[in-house]
């Protein structure tokens with residue numbers, strides 16, 4: 001009998017229907033309407049910034065974000081090798097090149113290796129930081145808060161300042177995560193770098209079906225984003241365009257979902273935290289399995305739960321466990337394939353990719369939806385115990 005426990009699915013309420021009906025009745029279903037403004041304002045208030053700008057997807061937000069920060073054809077952008085490909089593709093859209101850095105044990109970018117790469121492999125020039133291996137100028141650094149786990153932004157910003165790099169926070173997975181200690185105590189992921197991006201894809205902690213949000217403390221930067229998102233139209237009456245723009249605006253009907261969803265985000269996070277702690281308690285008794293921790297000094301959103309499979313003690317390897325769980329209806333997934341191994345990026349610079357290979361071979365993500373019940377958590381744990389040899 002299939003258990004039918006999905007990995008990460010939306011938690012939708014019929015309360016959304018009232019908003020959707022209003023969109024239909026008024027005809028405001030596209031890229032204008034009151035729900036866009038309301039959702040942007042609610043998101044800004046939640047994460048503690050003045051303004052945000054809604055976009056069609058997190059990928060669209062990153063594309064525009066890299067461009068706003070000056071990334072051009074022939075430049076380089078430093079990125080983690082452990083991320084979803086949406087972090088990296090927009091760099092190529094602009095004709096630029098990613099440079100890949102290994103992960104640490106939090107799955108986030110290894111900042112020690114980043115410093116080592118910048119110190120040993122780069123040099124400052126009149127045009128900016130130059131990669132001695134490729135000869136290209138490095139314009140920006142993009143960090144990802146992998147699975148909602150906040151990276152050490154104090155160190156990120158110190159490194160960026162030293163080497164004059166713009167900082168993009170890919171916070172697609174980390175809406176609701178913030179720092180509880182240090183320089184950025186109380187500040188949310190996505191709000192600290194030069195620009196941040198959230199995603200509202202269906203598997204994220206809240207969803208608008210698709211959609212995303214650009215965040216920046218520089219309101220002029222956000223105004224430039226709005227201009228590019230609306231096809232760079234300088235005269236809306238006579239359709240004059242001075243630059244190449246994009247059709248990347250968030251739709252009103254998507255925002256109609258978001259305004260209801262963001263009101264529930266703290267409840268979503270509380271459920272995720274409770275389920276994570278239950279998994280943690282139960283999995284500790286299973287020799288050969290380890291549930292990864294979140295970083296100290298942070299309040300994560302507990303978006304994904306990652307389990308390391310130690311074949312020697314567990315008795316079967318990660319791939320066999322993955323197959324067994326999926327076969328009985330417990331949806332589990334491995335870590336993304338490393339970015340420097342992807343065919344479009346094979347020729348890009350990759351610096352000492354070592355630890356990431358361990359995690360890509362030994363990690364599974366287990367069910368973590370915000371409507372996951374304690375009964376389902378225990379059913380997953382029961383199967384993890386049953387499959388141990």
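Taking the conditions exactly as written (part of a loop (DSSP other than H, G, I, E, B), within 16 Å of the chain's Cα centre (by Cα) and over 28 Å from residue 253 (Cβ atoms)), does residue 82 satisfy them or not?
Yes, satisfied.
Quick one: would you say residue 228 is under 21 Å from the mean Cα position of the chain (by Cα) and touching a residue at least 60 places away in the same chain (Cβ under 8 Å)?
Taking the combined requirement at face value, the residue does not satisfy it.
Could you give every pair whose Cβ atoms fall below 8 Å, whose first residue belongs to the stretch 179-202 and is under 16 Å from residue 148 (Cα atoms), and whose second residue is at pLDDT below 95 and surrounded by fewer than 20 Cβ atoms within 10 Å (Cβ to Cβ), counting only separations of at least 6 or pairs across chains?
Pairs found: 191/217; 200/209; 200/210; 201/210; 202/209; 202/210.
The values are calculated or read from the model by the stated rules, or taken from the named source; none is laboratory data. All values derive from a computational prediction rather than experimental measurement. As a convention, Cβ positions derive from the backbone with ideal geometry for all residues, glycine included, and neighbour counts pool all protein chains shown.
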